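None of the figures in this text is laboratory data; all of them are computed from the coordinates on show. This structure is a prediction, so every number in the text was calculated from the model and none was measured. Using ideal geometry, Cβ is built from the backbone for each residue, glycine included, and neighbour counts are taken over all protein chains shown.
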Amino acid sequence: MVDPANTVGIPVNPTPLLKDELDIVIPTIRNLDFLEMWRPFLQPYHLIIVQDGDPTKKIHVPEGYDYELYNRNDINRILGPKASCISFKDSACRCFGYMVSKKKYIFTIDDDCFVAKDPSGKAVNALEQHIKNLLCPSTPLFFNTLYDPYREGADFVRGYPFSLREGVTTAVSHGLWLNIPDYDAPTQLVKPKERNTRYVDAVMTIPKGTLFPMCGMNLAFDRDLIGPAMYFGLMGDGQPIGRYDDMWAGWCIKVICDHLGLGVKTGLPYIYHSKASNPFVNLKKEYKGIFWQEEIIPFFQNAKLSKEATTVQQCYIELSKMVKEKLSSLDPYFDKLADAMVTWIEAWDELNPPAAAAANSKA
Amino acid sequence: MSSAEINKNEVDIVIGALNADLTQFLNCWRPFFSGFHLIIVKDPELKEELNIPEGFDVDVYSKADMEKIVGASNATMFSGYSCRYFGYLVSKKKYIVSIDDDCVPAKDPKGVLVDAVSQHVTNLENPATPLFFNTLYDPYCEGADFVRGYPFSLRSGVPCAASCGLWLNLADLDAPTQALKTEQRNTSYVDAVMTVPLKAMLPISGINIAFNRELVGPALVPALRIAGEGKVRWETLEDVWCGMCLKHISDHLGYGVKTGLPYVWRNERGDAVESLRKKWEGMKLMEKSVPFFESLKLPETAVTVEDCVVELAKAVKEQLGSDDPAFTQAADAMVKWVQLWNSVNSSG
């Protein structure tokens with residue numbers, strides 16, 4: 001069994017990296033008590049809280065945190081008719097936070113994720129590790145058997161081509177979870193007591209051309225590089241599917257990152273995932289996804305973006321056309337999703353006009 | 001999986017002896033090698049007699065045996081680190097575990113000695129998952145599983161062709177890197193086994209490796225010799241080339257290659273700076289190899305491992321032959337290797 005770290009007494013990080021360049025996006029429907037535990041590592045940063053569910057409910061944010069909070073009314077007000085692309089009654093709504101942020105980097109974390117301990121018992125500063133991952137190159141073109149070659153104590157192994165040792169820019173840092181693992185409903189039903197107690201001390205780049213299941217519980221990315229592709233789809237209320245928001249985004253961003261020559265990392269940091277969601281509820285949400293993913297995966301594996309698609313938005317629009325063309329026959333949902341993908345990009349560009357973006361990147 | 005559960009009769013442990021005195025090496029490995037059949041192949045260029053301690057079930061092969069079995073001209077294929085391939089050739093077992101003679105068992109973070117043989121065989125006996133990346137790494141190990149979003153149709157995996165282990169202490173770095181970082185030692189024990197995804201290329205090290213001989217034996221080719229190849233790993237590339245071929249063929253035939261555990265503890269040998277003095281051909285050859293393997297497509301008609309090796313050799317000769325004579329020689333060696341494999345293994 002593992003326990004979360006006790007962070008009482010740990011001073012707030014005096015030198016928070018990228019303090020003014022990173023926003024923390026948290027979707028919530030209940031409360032943000034978990035932020036008490038994260039204080040030493042997260043307090044210096046600005047929070048964007050996306051409140052899902054009943055907008056009249058008051059969400060209490062622990063003292064000392066600087067934040068902006070958006071509920072459904074705000075989302076509707078800001079996006080108008082385009083608000084239709086933002087999910088309701090599903091944590092997928094978090095991507096609204098990505099859209100309204102003005103920062104270069106995003107860290108997103110679920111409200112049931114606490115601070116983990118490394119094998120020595122030390123509290124893991126997950127955000128700091130994500131930042132290291134993002135600021136350091138990725139190596140998607142050739143696998144390094146010693147994992148992250150830029151890490152202290154590691155390097156490229158014999159035989160690793162020298163021309164590939166500079167790596168590429170990292171767009172996404174995908175962290176993992178101790179305690180409650182991110183299993184699908186069938187697996188949860190079969191193994192309700194299984195806990196992830198294995199701390200794998202590595203960060204690695206996911207090779208080009210390889211897809212992976214991206215979990216949104218503990219995730220960071222470079223918003224400037226890949227933000228527009230981080231749409232978490234249509235889930236929850238009024239939709240035939242749930243718990244595939246991050247998966248959908250993960251498949252899209254990987255195809256686009258591969259196309260644009262950007263890197264995606266996975267591994268450290270760990271957080272401590274405390275709550276197991278109800279597997280029966282999950283099964284109902286995921287049910288269609290389990291069948292659909294059999295078609296969706298080959299779709300993404302074979303998706304080829306054109307040479308002319310050189311921006312994330314262009315890539316994403318192209319992808320949306322392919323979704324409409326190839327997945328609509330699977331279910332009319334994909335037709336709606338393809339439209340929502342376009343709406344998302346339109347909304348993104350409206351809220352993030354190029355001139356403003358240029359100004360932000362200079363800041 | 002403990003060693004009690006492994007069918008020891010299915011495994012040969014093949015050691016290439018570049019050092020004459022194997023006493024310390026074998027005594028250190030005794031707890032994990034005992035009960036297994038060992039094949040020790042002596043580097044044909046090693047002059048001294050091998051010193052092997054008592055108590056092992058071992059067959060030793062030397063230059064004379066090589067010449068008898070494959071002929072004097074072919075025996076040159078097995079010099080230096082490539083001597084171990086002769087052991088792969090003559091083995092009759094399903095699995096081969098091969099460890100360099102300057103490595104001893106490592107300790108895990110709890111201080112327990114790692115049974116590298118058991119771990120390798122476990123890796124080989126469990127499926128690999130090259131078609132989709134599992135973020136919790138090996139889904140078949142205790143305490144882990146496939147994560148949410150992993151397609152169900154891919155959860156039975158594919159046969160595992162090879163298990164590539166790692167090294168604590170002296171990692172397998174190249175000479176320039178080790179010369180630059182003379183004090184660097186690998187102290188990081190990463191507790192994971194994972195499948196290297198389909199189409200991803202990697203540098204497979206021969207220092208600590210195991211493979212399913214029945215499945216892919218002929219694909220482990222002793223082929224690429226760099227000019228001035230030496231008796232320290234920094235001065236070789238044969239395993240890296242072999243690994244590129246093996247990975248490509250495994251990808252083509254739908255098998256998987258795993259990397260990660262087990263670790264071995266690798267000791268000091270040689271001098272990286274000294275190795276740097278030699279003209280380092282390896283770098284150039286790797287640079288040329290990468291785009292070749294990246295764009296290579298074996299024909300659909302290549303359905304056996306032998307076919308794949310022959311087709312690969314053809315492509316090497318056609319596309320890389322003019323770049324460097326080392327590639328032409330490698331291509332010829334690969335063809336010869338398949339012939340030898342077939343003749344040695346059909347005669348039983």
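Considering region A:83-153 at the alpha-carbon level, its Rg and Dmax are found to be 16.6, 49 Å. May I ask you to derive the FRET efficiency for B:V112 and B:E45 from their Cβ-Cβ distance with R0 = 35 Å, giving the value to the nearest 0.05? Step by step, r from the Cβ atoms, then E = 0.40.
Under the rule a/c < 1.5 gives rounded, and otherwise a/b versus b/c splits prolate from oblate, where does chain A land using the Cα gyration tensor? It is rounded, given that a/c, with a ≥ b ≥ c, falls under 1.5.
Model label points for B:S156 and B:C28, set 7 angstrom from Cα along the Cα-to-Cβ axis, are 4.2 nm apart.
When the Gaussian network model of chain B links Cα atoms closer than 10 Å, the mean-square fluctuations of B:E49, B:E238, B:E214 top out at B:E49.
When all C-alpha to C-alpha distances in region B:120-274 are sorted into bins of 10 Å, what percent of pairs does each bin hold, rounded to whole numbers? Per 10 Å bin, starting at 0, the Cα pair percentages come out as 11, 37, 33, 16, 3, 0.
At the listed q of 0.06, 0.07, 0.10 Å⁻¹, the Debye profile of the protein assembly as shown, built from one uniform point per Cα, gives log10 I(q)/I(0) equal to -0.37, -0.51, -0.97. Given their separation in residues at 0.36 nm each and the Cα-Cα distance between them, A:S120 and A:K193 gain 23.8 nm when the chain is fully extended. Return the Rg/Rh ratio of region B:1-77 with Cα-based radii and a Kirkwood Rh. Rounded to two decimals, Rg/Rh equals 1.03. Taking the number of Cβ atoms within 10 Å of each Cβ as an exposure proxy, the fewest-first ranking of B:D251, B:D21, B:D307 is B:D21, B:D307, B:D251. For region B:48-116, the Kirkwood estimate of hydrodynamic radius, built from reciprocal distances between every pair of different alpha carbons, is 14.5 Å. Derived scalar couplings between HN and Hα for region A:93-106 equal 4, 4, 5, 4, x, 5, 5, 8, 5, 10, 9, 7, 10, 10 Hz in order, rounded to whole Hz, by the Karplus curve 6.51 cos²θ - 1.76 cosθ + 1.60 (θ = phi - 60°), x for Gly and Pro.
With helices as the sole contributors, chain A gives -11000 deg cm²/dmol at 222 nm; each DSSP H run of n ≥ 4 counts as -39500 (n - 2.57), and the sum is divided by every residue. For region A:79-213, the alpha carbon positions stretch 53, 41, 30 Å along the principal axes, listed from largest to smallest.
Full extension of the segment from A:V12 to A:N73, taken as 0.36 nm per residue of separation minus the current Cα-Cα distance, would add 18.6 nm.
Overall shape of region A:217-261 was characterised from the C-alpha gyration tensor. The equivalent ellipsoid obtained from it has semi-axes of 22, 11, 9 Å, in decreasing order. Over region B:15-61, Cα pairs under 8 Å with separation of 6+ residues give a relative contact order of 51 percent. Take each residue in B:177-187, count the other chain C-beta atoms within 10 Å of its C-beta, and the mean is 2. Remark: the Cα gyration tensor places region A:270-363 in the oblate category, a/c being 1.5 or greater and a/b not exceeding b/c. For B:Y61, nonlocal amide neighbours, meaning residues 5 or more places apart or on other chains whose placed amide H falls under 5 Å from its own, are B:I40, B:V41, B:K42.
Within a straight-line Cα-Cα reach of under 14 Å, A:K104 can be paired with the following aspartates and glutamates, leaving aside sequence neighbours fewer than 8 residues apart in one chain: A:D20, A:E21, A:D23, A:D222, A:D224. Shown for B:C28, A:C215: other C-beta atoms within 10 Å of each C-beta, ranked fewest to most, produce the order B:C28, A:C215. Once the Cβ-Cβ distance of B:E268 and A:R30 is raised to the sixth power relative to R0 = 45 Å, the FRET efficiency obtained is 0.20.
Is region A:50-92 best put as rounded, prolate or oblate by its Cα gyration tensor, with a ≥ b ≥ c the root eigenvalues, rounded for a/c under 1.5, and otherwise prolate when a/b is larger than b/c, oblate when not? Prolate is the answer for region A:50-92, as a/c is 1.5 or above and a/b outweighs b/c. Counting only other chain Cβ atoms within 10 Å of each residue's Cβ, the peptide A:205-214 averages 6.
Inter-chain neighbour count for B:166-174: the average number of beta-carbon atoms from partner chains within 10 Å of each residue's beta-carbon is 4. For A:Y67, the residues whose modelled amide H falls within less than 5 Å of its own, excluding neighbours fewer than 5 places apart on the same chain, are A:L47.
Per-residue Karplus couplings for region A:207-217, computed as 6.51 cos²θ - 1.76 cosθ + 1.60 with θ equal to phi - 60°, are listed in order as x, 4, x, 9, 8, 8, x, 8, 9, x, 5 Hz, Gly and Pro entered as x.
Couplings for region A:270-284, taken from phi via the Karplus curve 6.51 cos²θ - 1.76 cosθ + 1.60 with θ = phi - 60°, read 8, 10, 9, 8, 9, 10, 8, 6, 5, x, 6, 5, 4, 4, 4 Hz in order; Gly and Pro are left as x. Using a cutoff of 8 angstrom between alpha carbon atoms and counting only pairs six or more residues apart, the relative contact order for chain A works out to 19 percent. Residue-normalised convex hull volume from the C-alpha trace of chain B: 142 Å³ per residue.
By other beta-carbon atoms within 10 Å, ranking B:H248, B:H37, B:H120, A:H60 with the fewest at the front produces A:H60, B:H37, B:H248, B:H120. Placing +1 on the Cβ of each Lys and Arg and -1 on the Cβ of each Asp and Glu in the protein assembly as shown, which of B:P222, B:N186, A:F334 has its Cα farthest towards the positive end of the resulting dipole? In the protein assembly as shown, that residue is A:F334.
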